[in-house]
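**Q** Okay, here's the structure, questions in a sec.
The values are calculated or read from the model by the stated rules, or taken from the named source; none is laboratory data. In this text the structure is predicted, and so the values were computed from the model without any measurement. Here the Cβ positions follow ideal geometry from the backbone for every residue, glycine too, while neighbour counts run over all protein chains shown.
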Amino acid sequence: MIKMNKQILIIMLAILLVLPMVVAETTSLGKFSKDSCIDLIQTCNNCSYVNISSVIYPNSTQALGSAEMTKDGTMYNKSFCQTSILGTYIVNGYGDLDSEITTWSYDFEIAPDYDLTTASSSFYIGIIVVLCFLFIITLAGIKLLPTQDTRDTDGYLISISSLKYFKYPLGALAWGILVIISFVIFNFAEGYMGDGLLVSIFHMFFTLLMISAMIGIPVIFWFMVSKFMQDQVIKRMIERNIYSE
């Protein structure tokens, strides 16, 4: 029993000695902005060289393979500019500390150029609420406007309704508001979650809406002008009592 207690005590002392060393190895270079160039650094007093073995993206793919670091006294440096993905990057390297190959590792974070505080979060939420309200009001306006021209009790066309043309610009406005809502939600999510699947979905949704709006809104106005010109011809025929369906 005494021998077993001594073994347990030795194991516990070994853990206490090793744990600080392990914790010391887990370091961070800090937080940086997206698309910025970062100096990956390492210091070593007794090394003839220090190199990078890999830099890993937040999505676990490799951003940089084996690369030689530039020596300046005891400081070793390598510039890294592939920082388009938000999240935590892992840098692995090695050197010949006291003529023995020694590995090292640390991380750094690529974050948005802004941090969402409580005030800015409230601002984003307020903008989204206002835009959603405007979107609903716009849809309600489209629904309230007449779609058909004025007809008599027998169903014959007697006049052209001018109010129906307002449906087209309101439809384009609703489409534009939806694009802005998707953009704000994407930026809001990116600020909180960085890079992730949900943020990618929001970005894809915004991109699809933006592309469709660039095509669809001009088509809406073209259709409005075309309809207006056709109705002007019909209006003149009605005024001359020569229009028949």
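**Q** Considering only segment 68-81, I want to know if a residue exists there that is in a loop (DSSP other than H, G, I, E, B) and at pLDDT 85 or above. Talk me through it step by step, then tell me what you get.
**A** Residues of segment 68-81 in a loop (DSSP other than H, G, I, E, B): 69, 73-74, 81.
When the remaining residues are screened for being at pLDDT 85 or above, the result is 69, 81.
For segment 68-81, residues in a loop (DSSP other than H, G, I, E, B) and at pLDDT 85 or above: present.
**Q** Looking only at segment 213-245, filter to residues that are assigned to a helix (DSSP H, G or I) and of a type in the set (D, E, K, R); which one of those is modelled with the highest pLDDT? Step through it out loud before you land on a result.
**A** Start the filter on segment 213-245 by keeping residues that are assigned to a helix (DSSP H, G or I), which leaves 213-239.
So of that shortlist, the ones also of a type in the set (D, E, K, R) come out as 227, 231, 235-236, 239.
Numbers: K227: 86, D231: 82, K235: 80, R236: 81, E239: 73.
This residue is K227.
**Q** Note down all Cβ pairs under 8 Å where the first residue falls in segment 54-68 and is under 11 Å from N92 (Cα atoms), the second is surrounded by 18 or more Cβ atoms within 10 Å (Cβ to Cβ) and basic (K, R), and they're at least six residues apart or on different chains.
**A** Between residues of segment 54-68 that are under 11 Å from N92 (Cα atoms) and residues that are surrounded by 18 or more Cβ atoms within 10 Å (Cβ to Cβ) and basic (K, R), the close pairs are A67/K78.
**Q** Take L97 and tell me if it is surrounded by 11 or more Cβ atoms within 10 Å (Cβ to Cβ) and assigned by TED's automatic domain parsing to the domain that holds M210.
**A** Values: surrounded by 11 or more Cβ atoms within 10 Å (Cβ to Cβ): yes; assigned by TED's automatic domain parsing to the domain that holds M210: no.
Here the answer is no, as L97 does not meet what is asked.
**Q** Then there is this: Looking at segment 143-164, which of the residues that are in a loop (DSSP other than H, G, I, E, B) and in contact (Cβ under 8 Å) with a residue 60 or more places away in the chain is surrounded by the fewest Cβ atoms within 10 Å (Cβ to Cβ)? Give the derivation first.
**A** Restricting attention to segment 143-164, the residues satisfying the condition of being in a loop (DSSP other than H, G, I, E, B) are 145-149, 152-156, 160-162.
Pick out the ones that are also in contact (Cβ under 8 Å) with a residue 60 or more places away in the chain and you get 149, 156, 160.
Numbers: D149: 16, Y156: 11, I160: 16.
In this case the residue turns out to be Y156.
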